[in-house]
Amino acid sequence: MAKSVLDAQLAYFKQPGKIAEIAKLNKDYFDALVKVGFNYEQALKIITANGLISKSSSVTGQ
């Protein structure tokens, strides 16, 4: 089952424009964090730890 979830995620990301769309969403998220008062370092830590695309527990093994 984990393989099918990963395969589905990869197929989604391979669609034209999806990676750019995700990058823009992450940039917008970063900018919003800074706008509400987080500094650049804090915003970067939040983005890298809690990106908009959740980490699949089946991929991480948790």
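The values are calculated or read from the model by the stated rules, or taken from the named source; none is laboratory data. Everything quoted here is computed from the prediction, not taken from an experiment. All Cβ positions, even for glycine, are placed from backbone atoms using ideal geometry, and neighbour counts span all protein chains on display. Accessible surface areas use protein heavy atoms only, side chains included; no ligands, DNA or RNA. Shrake-Rupley method; radii C 1.70, N 1.55, O 1.52, S 1.80 Å.
Quick notes on this one:
- Matching residues in the stretch 1-48 - criterion: being within 16 Å of the chain's Cα centre (by Cα) and among the aromatic types (F, W, Y): Y12, F13, Y29, F30
- The residue pairs whose first member lies in the stretch 36-54 and is under 14 Å from L25 (Cβ atoms), whose second member is open to solvent by 80 Å² or more (accessible area, probe 1.4 Å), and whose beta carbons are closer than 6 Å, counting only pairs six or more residues apart or on different chains, are L52/L25.
- Subset tally (residues that are among the hydroxyl-bearing types (S, T, Y) and either assigned to a loop (DSSP other than H, G, I, E, B) or in contact (Cβ under 8 Å) with a residue 24 or more places away in the chain (or both)) for the stretch 1-34: 0
- Scan of the stretch 5-55 for residues that are modelled with pLDDT under 95, open to solvent by 90 Å² or more (accessible area, probe 1.4 Å) and among the aromatic types (F, W, Y), ordered by number: Y12
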